[in-house]
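Enquirer: Can you keep this structure in mind? I'll have questions shortly.
Derivation of every value follows stated rules applied to the coordinates shown; laboratory data play no part. Please read all numbers here as calculations on a predicted model, not as lab measurements. Cβ sites come from the backbone with ideal geometry, for glycine too, and all protein chains shown count toward neighbours.
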Amino acid sequence: MDEDQSSLASDNAEGGQPPEHVRVLLLDDDPANLLLRAAVLRQNGYECFPASTAEDANELLDQIEIAVLDYHLGQGKFGTEVAARLREKRPSVPIIILSATLEHRFGGVEDMHLLKGYSAVEDLLSALRGFEAKRRGAPVVVDARDFYYSRIARAIGVDVLVQILSPEGDWVYVNDSAAAYLEHPREWFVGKNMFAEMSVSLRDWREVLQSVATTRETYIDRTRRGLLADAREGEMNATWSVLAFPIMLHDSSNGVVLSARILD
């Protein structure tokens with residue numbers, strides 16, 4: 001038994017009795033994805049109710065305790081339609097939406113959105129354990145902001161420097177690559193202002209951030225200067241691709257995603 005299975009059994013077992021398997025609805029129109037996901041969850045102690053269509057999923061709503069629904073089902077169908085019906089019928093059942101892109105805005109009747117790929121399996125198991133704890137009455141604490149911004153950073157790429165900022169230059173999030181390049185731990189940045197804190201010159205980013213956040217237009221720059229005014233040692237002949245594009249922050253205010261990577 002692996003660590004996840006052992007932990008799950010320990011969490012669920014009471015008084016030496018066999019653990020109660022949590023019943024999970026899995027909706028995906030791709031048979032391979034459905035089979036693989038069901039196998040993984042069963043290996044980790046969950047009882048799975050697979051469905052390949054919204055109609056099949058709707059027939060199972062009375063039998064499950066957590067729903068994991070694919071967003072795109074093909075033929076103009078979406079998992080959110082099943083989510084809406086489940087929320088109306090059984091409002092206490094947690095709902096997880098799986099999506100291959102970030103095109104669907106967070107919110108609605110769903111409890112959580114997960115991005116497919118990357119660490120999708122680990123994310124799904126973690127989410128299920130959290131909802132299972134909630135079902136047993138244990139408190140569940142989720143840092144929704146870090147979850148939201150980290151998914152954006154992952155979609156851009158782990159090798160890209162990603163900073164998410166307010167129009168005034170206050171850091172909201174940086175990924176590991178940006179933190180390493182700017183030579184501070186990730187937790188150092190949040191809440192600080194880049195123009196007040198950085199001891200190096202930051203080019204003309206103040207004007208760029210304000211412009212992108214105000215006009216909602218995208219700024220693209222391919223330059224040898226990189227993020228800083230002066231190229232660092234080893235970057236003299238490098239060409240940077242720098243992109244700044246608008247984003248709505250977690251508090252619904254305007255923000256800017258600043259991404260950069262060396263092209264050659």
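Enquirer: Mind listing the long-range amide H neighbours of LEU61? Cut-off is under 5 Å, sequence gap 5 or more, other chains count too, H placed in the peptide plane at 1.01 Å from N.
Expert: Counting only residues 5 or more places away or on other chains, the set is empty.
Enquirer: Counting only residues 5 or more places away or on other chains, whose amide H sits under 5 Å from the amide H of GLU235 once H atoms are built in the peptide plane?
Expert: Long-range HN contacts for GLU235: none found.
Enquirer: Moving to a separate point now. For ASP62 and ASP30, what is the calculated FRET efficiency with R₀ set at 30 Å and r taken between the beta-carbons, to the nearest 0.05?
Expert: Once rounded, the FRET efficiency stands at 0.75.
Enquirer: Label points 7 Å out from Cα along the Cβ direction at ARG222 and ASP159: separation in nm?
Expert: Those two pseudo-labels are separated by 1.7 nm.
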